[in-house]
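Since the structure comes first, as structure tokens, the remarks are kept for the end.
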Amino acid sequence: MSLTQRIADAKMKLEDATSLFTKLQTKSGSLSHSIAAHDEKSVKTLVNAGVNLKGVRTFNHHASDVTCMQWSGGSDDQMFVSAGKDGQVAVWNGLTKKKVQSMTVDMKMLMTCAFEKKKNQLVAAGGADKCLSVFPVGQAGILHPIAELTGHDGYISGCQFVDDNSLVSTSGDSSACLWDIRSGRATAKLADHA
């Protein structure tokens, strides 16, 4: 590729990033909320184009490293869940910076969390103890899990809600499980990643 062609490609990428930047600002009125709500590819596009992103909101709750977070879905997309190595799971309002709810998992070292995106009524978190804990959202007081899903032989590395009664988890044991939350049982286990 010639130098002229590389310069033309770089200019095109910069124009795309600038256009995306303008769309993001227009959509929400603030770049910070839009970027957080946008997909990771959009953020990488801005960063790769040399746009300097700076944090404008800090959320303080966890006593140790925050290992994951996920935005809620639907019309209530200002909420998100975070989990950390301190065993804490927190639900936040991303616009007001207020912690809406806090739960504690007996096991420290949470590695993943998920927000149920259709009704925004459940969150899940799991990690080193090989257990995936599911909590209700929007209830006051000290909350205990409504389900504790066990069946992996390794740490829980990822999770994602399928709907308000189904959850998929991945594990360090090279498997993935599909869970029925109400029964607390795995309805399918895939071990083909070994």
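The values are calculated or read from the model by the stated rules, or taken from the named source; none is laboratory data. Keep in mind it's a predicted model, so treat the numbers as computed, not measured. Here Cβ is always computed from backbone atoms with ideal geometry, including for glycine, and neighbour counts include all displayed protein chains. Ligands, DNA and RNA are stripped out before the accessible areas are found, and what is left, the full protein with its side chains, is counted by its heavy atoms. Shrake-Rupley method; radii C 1.70, N 1.55, O 1.52, S 1.80 Å.
Step by step: first the residues of segment 158-194, then only those that are among the polar types (S, T, N, Q) and open to solvent by 50 Å² or more (accessible area, probe 1.4 Å), then the one that is nearest to LYS118 (Cα to Cα). Which residue is that?
Here the residue is GLN160.
What are the residues in segment 114-128 that are open to solvent by 10 Å² or more (accessible area, probe 1.4 Å), in contact with a Ser or Thr (Cβ under 9 Å, 6 or more places away or on another chain) and at negative phi, if any?
Answer for segment 114-128, where residues must be open to solvent by 10 Å² or more (accessible area, probe 1.4 Å), in contact with a Ser or Thr (Cβ under 9 Å, 6 or more places away or on another chain) and at negative phi: just LYS117.
Among the residues of segment 73-103, which ones are of a type in the set (Gly, Ala, Ser) and over 15 Å from the mean Cα position of the chain (by Cα)?
Answer for segment 73-103, where residues must be of a type in the set (Gly, Ala, Ser) and over 15 Å from the mean Cα position of the chain (by Cα): SER75, GLY87, SER102.
I'd like the residue in segment 82-113 that is of a type in the set (A, V, I, L, M) and touching a Lys or Arg at 6+ places or on another chain (Cβ under 6 Å) and, out of all such residues, is surrounded by the fewest Cβ atoms within 10 Å (Cβ to Cβ).
MET109
Could you figure out which of (1) within 30 Å of ALA191 (Cα to Cα); (2) not in a strand (DSSP E or B) isn't true of THR96?
Going through the list (1) within 30 Å of ALA191 (Cα to Cα); (2) not in a strand (DSSP E or B), THR96 breaks only (1).
Determine the pairs where a residue that is under 20 Å from CYS68 (Cα atoms) and assigned to a loop (DSSP other than H, G, I, E, B), located within segment 124-148, has a partner that is open to solvent by less than 40 Å² (accessible area, probe 1.4 Å) and of a type in the set (Gly, Ala, Ser) with Cβ atoms under 7 Å apart, the partner being 6 or more residues away or on another chain.
LYS130/GLY154; PRO145/SER133
Right, SER72: modelled with pLDDT of 85 or more and hydroxyl-bearing (Ser, Thr, Tyr) or not?
Considered against the rule, which asks whether it is modelled with pLDDT of 85 or more and hydroxyl-bearing (Ser, Thr, Tyr), SER72 comes out as yes.
Among the residues of segment 137-157, are any open to solvent by 40 Å² or more (accessible area, probe 1.4 Å) and either in contact with a helix residue (DSSP H, G or I) (Cβ under 7 Å, 6 or more places away or on another chain) or of a type in the set (Phe, Trp, Tyr) (or both)?
Yes, segment 137-157 contains at least one residue that is open to solvent by 40 Å² or more (accessible area, probe 1.4 Å) and either in contact with a helix residue (DSSP H, G or I) (Cβ under 7 Å, 6 or more places away or on another chain) or of a type in the set (Phe, Trp, Tyr) (or both).
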